[in-house]
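Here the structure is laid out as structure tokens; the discussion comes afterwards.
The values are calculated or read from the model by the stated rules, or taken from the named source; none is laboratory data. All figures in this text were calculated on a predicted structure; none of them were measured in a lab. In this analysis, Cβ positions are derived from the backbone assuming ideal geometry, glycine residues included, and neighbour counts consider all displayed protein chains. Note: areas computed on protein heavy atoms with side chains; ligands, DNA, RNA excluded. Shrake-Rupley method; radii C 1.70, N 1.55, O 1.52, S 1.80 Å.
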Protein chains: 2
Amino acid sequence: MSDTSAARLLATLTERLGARHVRTDAEALEPHLVESRGLYRGHALALVEPGNTEEVAFTVAACAEARVPVTAQGGNTGLVGGGVPFGGIVLSLNRLNRLRAVDPLGASMTVEAGMVLADVQAAAAEAGMLFPLSWAAEGSARIGGGIATNAGGLAVLAYGNARDLVLGLEVVLADGRVWNGLKALRKNNAGYDLKHAFIGSEGTLGIITAATLKLFPRVLSRSVGFVGLPSVRAALALFERLRAGADRGLTAFEYIPRFGLEMVLRHGIDVRAPLEGRHAAYALVELSSPRPGADTRSELEELLGEAMEAGLVEDATIGGSAAQDAALWRLRELLPEVQKAEGGSIKHDVSLPLSRLADFLEEAEAACLAAMPSLRPCPFGHFGDGNIHFNLTQPVGMDKAAFLAEWARFNDIVHAIVARMDGSIAAEHGVGLIKRDELARTADPVGLDLMRRLKAALDPHDLLNPGKVVALSDDPPPALPV
Amino acid sequence: MSDTSAARLLATLTERLGARHVRTDAEALEPHLVESRGLYRGHALALVEPGNTEEVAFTVAACAEARVPVTAQGGNTGLVGGGVPFGGIVLSLNRLNRLRAVDPLGASMTVEAGMVLADVQAAAAEAGMLFPLSWAAEGSARIGGGIATNAGGLAVLAYGNARDLVLGLEVVLADGRVWNGLKALRKNNAGYDLKHAFIGSEGTLGIITAATLKLFPRVLSRSVGFVGLPSVRAALALFERLRAGADRGLTAFEYIPRFGLEMVLRHGIDVRAPLEGRHAAYALVELSSPRPGADTRSELEELLGEAMEAGLVEDATIGGSAAQDAALWRLRELLPEVQKAEGGSIKHDVSLPLSRLADFLEEAEAACLAAMPSLRPCPFGHFGDGNIHFNLTQPVGMDKAAFLAEWARFNDIVHAIVARMDGSIAAEHGVGLIKRDELARTADPVGLDLMRRLKAALDPHDLLNPGKVVALSDDPPPALPV
């Protein structure tokens, strides 16, 4: 676009929103141009910060008229480059951060998209209820971004992904109109269920400005165990046993490989080994219950005791207090961080049918080690959801850049196995830029065509976060890291 | 279309599918032209019964080329006229009735669209698992239809609607291509989640040929209670108490008004009064658990005992055996049937936020009685889901046809209250024909425009179940009952 028409657009926005909320200075823009891991650097005309839904609608309508792209951002904590702008404006939702309503009896709450996830959780707790969505970045991630990316995280096993926690949405469409779908209903078949088109679309089909969320009874009893296992297959057998024994009371089953725990103990601050001996694999398991009088500790002791007798568990410890539970959880939560201390990591966010998970871990590790024998695989994560962060830590002493240059090669190796086992190459982090071209290459062509039709139907001028998830043209701009 | 081109299409289909599966005789067509309650009678060129997905795709492609509409049908048990054809062919999915795979560890199964719901349940049970979707017509309804209409039913409270039980779909598109989205994953963000566009679209956006479903641990302990209550508000308070006390162990909370129970006892065969006295309202409650050793009976006794002490429950009985539980359930299940013995019923399938449910019942009953004082309201159903079948039984002695002629007037009265309380006029039965024009009149115009854009994007020639849910033209053919 010409400098004149850009200037005219910014003047229009400034007049409505005020100069404080239409920023073109490098200092204001900078944090919105880079992805949290530094994989991409974008550029933008301006950072625009509307204060309410009407201002979002006004901004998007003005951009639509001027044919200027709009990249919506929340906390900018995404891991796939989905929020990085390449031209146009960055529309920050962060000023839309009000709690609109809480309804404990109806077990729902309505929040604006820019509310920090931890604040959403706190507001639910204040109403005596639980909002279970949770992941490491919850102190800065915004609920709108979590919904736009259908985020997963640590509570999916019992409560589902972000998608499953949404009852209704308010969305600004590509032309600036507002769709009010803020229903708080458990059953609603009044026409097509439009909210699902926007959830997980990463800001490419519409901009979520508010959401009505499901709440759950708050947890009254919780117990966390850390388990040493002889093998991945034992982990799978243990999971099956706990699921049968505790059903949805099993609220976490996270997998940690021996190398992962060793890294945590080596680099983590204030951590100590949870078990005496060494084991091939570890699982962090959590039982919790909202029932008055529930005794999840005894239940967990009994279930793990039986698993030990069955030879599935070599050793286990159970946290005896909230502080001890938190210390066990920390061993899992530190994993992404401590990897950095060991150099570069080539990452995969994959999911498999649970029944293929052990096969996948064995085959993928073997294939990667065959390609680079000194590699240190560190697959960890949400085992109970079939979702593994199949990360590969660089060999000791290797140049980090040289290792990361192998990213595409290892992606090919791992994702081929995922495809053969009917898994997904984008389990909980989404597609964004980092997986866009691979998705286009590997997805079912009919499905890909459907995605493009949806995009063309809802954003015909390709103005909403263009170039992310799916590209409308056959020759999209290349998705290159910095 | 001309007779010649119709004949050419049928010849093409007959050549591929065989004459046995392309029927034009009145006897074969008849059961596919009427809706189960006799509200509509349609017409069709032929009944086509493909035997597998490829034959469905062939049929749809041939129809697309000839611009002939296709109305998909499963068991034809729908209640909104959604499966009634008005021209074109009826495509029955009933020969696609194979179980493709069961994976107990992965807790999923893949079934073809034409499997009878009860057979799907049985196949899950045979694998030691539970498929919870359940409603009265499960002995003849097909799973594909249940998914296409996002059916609700009796197990939504703990397990969700049909939508929530689907992991993946195989769909034949309007042009005859097949989208293979049969993933068995708990997390998958590899692009837009296409399955949700087809679930609940009532065959207007694509034809579901197979589905991968979620399974759950089978129930090992179940206990059913029948409760006499002083008021609707007491029912709500009891629900809140049971939800807090049993969480997702509370697998049913159904509401029955006094008049409803009286009808059941008057007209039902082999039924007896569950409680001695008379009460303003009744609830059927069920606790169930997959945990070995769970004692849901003691749990239910304790919870109901506490509620009685709190003055919420006037009287209660708990089934002591599977047969007694079934007898209590029967009192609820007979309700739709016994209404017929009392004459005509004007029906509403509405949902409300739970926190508005008592207000709604009071206001809607009062408004209807003000309009016709001798009316007999019989609102019943899935109270815990906020879903009430707000049925109005005709006055004693009134002419049935004269009463049913008031259908639109009472719809207006009831739906206006639903709208004011942010509810839905189509909770679990869908839109079909019966609510299409009302949806068009009352829905958020932006949402309606989005629905039409989806329809135009996925079925540009308006060939899939045309005229249902949304109509593409401003002047659609009228949706008139027989």
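A few points about this structure:
- Theoretical FRET efficiency, 1/(1+(r/R0)^6), r = Cβ-Cβ of residue A:20 and residue A:126, R0 41 Å, to 0.05: 0.85
- For region A:343-421: Kirkwood Rh in Å [reciprocal of mean 1/r, alpha carbons]: 12.6
- Amide H partners (placed H, <5 Å) of residue B:391, local residues excluded: B:348, B:378, B:380
- Largest to smallest accessible area among B:187, A:435 [probe 1.4 Å]: A:435, B:187
- Helix-only CD estimate at 222 nm, as mean residue ellipticity for chain B, using -39500 (n - 2.57) per DSSP H run (n ≥ 4): -10500 deg cm²/dmol
- Among the residues of B:172-182, the average count of other protein chain beta-carbon atoms within 10 Å of the residue beta-carbon is 2.
- For region A:165-182, putting each phi into the Karplus relation 6.51 cos²θ - 1.76 cosθ + 1.60 with θ = phi - 60° gives couplings of 9, 9, 9, x, 9, 10, 9, 8, 7, 4, 9, x, 6, 10, 9, 9, x, 7 Hz, in residue order, rounded to whole numbers and with x for Gly and Pro.
- Sequence-ordered 3J(HN,Hα) estimates for region A:254-271 from the Karplus curve with 6.51, -1.76 and 1.60 and θ = phi - 60° stand at 9, 9, 9, x, 4, 4, x, 5, 4, 4, 4, 5, 6, 10, x, 9, 6, 10 Hz, glycine and proline given as x.
- Neighbours of residue B:86 by Cβ distance under 11 Å: Lys/Arg scored +1, Asp/Glu scored -1, total +2.
- Reduced Cα scattering model of chain A, Debye log10 I(q)/I(0), q = 0.09 Å⁻¹: -0.64
- Cα centroid of region A:274-300 to Cα centroid of region A:164-198, whole Å: 38
- Inter-chain neighbour count for B:345-355: the average number of beta-carbon atoms from partner chains within 10 Å of each residue's beta-carbon is 4.
- For region A:1-140, the relative contact order comes to 20 percent (Cα pairs under 8 Å, sequence separation of at least 6).
- Distance from the alpha carbon centroid of region B:241-258 to that of region A:79-138 works out to 30 angstrom.
- Per-selection Rg to Rh, the protein assembly as shown - Cα, Kirkwood hydrodynamic radius: 0.96
- Inter-site label distance for residue A:265 and residue B:273 at 7 Å from Cα along Cβ, in nm: 7.1
- If you wrap the tightest convex hull around every Cα atom of region A:1-217 and split its volume per residue, you get 114 Å³.
- When you restrict to C-alpha pairs under 8 Å that are six or more residues apart and normalise by the size of region B:242-323, the relative contact order lands at 32 percent.
- Test item: Cα-centred dipole of the protein assembly as shown, Lys/Arg +1 and Asp/Glu -1 on Cβ, debye: 720
- Rounded D (µm²/s) - region B:1-55, Kirkwood Rh over Cα pairs, Stokes-Einstein at 20 °C, 1.002 mPa s: 174
- For residue A:209, the amide hydrogen comes within under 5 Å of the amide hydrogens of A:170, A:171, A:172, counting only partners 5 or more places away or on other chains and with H modelled in the peptide plane.
- For residue B:19, inter-copy label distances in nm, listed shortest first [label point 7 Å out on the Cα-Cβ vector]: 8.6
- For residue A:370, inter-copy label distances in nm, listed shortest first [label point 7 Å out on the Cα-Cβ vector]: 7.7
- Kirkwood Rh, angstrom, region B:200-244 [1 / mean 1/r, Cα pairs]: 15.4
- Sorted peptide list for B:26-34, B:243-251, A:109-117, criterion being average Cβ within 10 angstrom, highest first: A:109-117, B:243-251, B:26-34
- Here the dipole of chain A is about 720 debye; that uses its Cα centre as origin and unit charges on the Cβ of Lys and Arg (positive) and Asp and Glu (negative).
- Residue A:378 - accessible surface, heavy atoms, 1.4 Å probe, Å² rounded to 10: 0
- Cross-link partners of residue A:468 among aspartates and glutamates, defined as those whose alpha carbon lies under 17 angstrom from its own and excluding same-chain residues fewer than eight positions apart: A:35, A:202, A:428, A:437, A:438, A:449, A:459, B:193.
- Note on A:444-455: average number of Cβ atoms from other chains within 10 Å of each residue's Cβ is 6.
- Ranking of B:202, B:54, B:365 by solvent-accessible surface, largest first: B:54, B:365, B:202 (1.4 Å probe, protein heavy atoms only, all chains present).
- Think of each Lys and Arg Cβ as +1 and each Asp and Glu Cβ as -1; about the Cα centre, that makes the dipole of region B:343-421 roughly 120 debye.
- Around the amide H of residue A:101, modelled in the peptide plane, lie the amide H atoms of A:110, all under 5 Å away and 5 or more residues distant in sequence or on another chain.
- Against the criterion of solvent-accessible heavy-atom surface with a 1.4 angstrom probe, B:129, A:308, B:421 sort, most first, into A:308, B:129, B:421.
- Extreme residue, positive dipole direction of region B:1-217, given options B:158, B:6, B:200 (C-beta unit charges): B:158
- Mean separation of Cα pairs under 8 Å and 6 or more residues apart, divided by the residue count, gives chain A a relative contact order of 15 percent.
- Label point 7 Å beyond Cα along the C-beta direction, distances from residue B:324 to other copies (nm, shortest first): 4.3
- Note, ³J(HN,Hα) from phi for region A:426-434, Karplus 6.51, -1.76, 1.60, rounded to Hz, x at Gly and Pro: 9, 7, 10, 8, x, 9, x, 9, 5
- Net charge in the neighbourhood of residue A:138 (other residues with Cβ under 12 Å of its Cβ; Lys, Arg +1, Asp, Glu -1) is -1.
- Convex hull volume of region B:144-217 per residue (C-alpha atoms, cubic angstrom): 90
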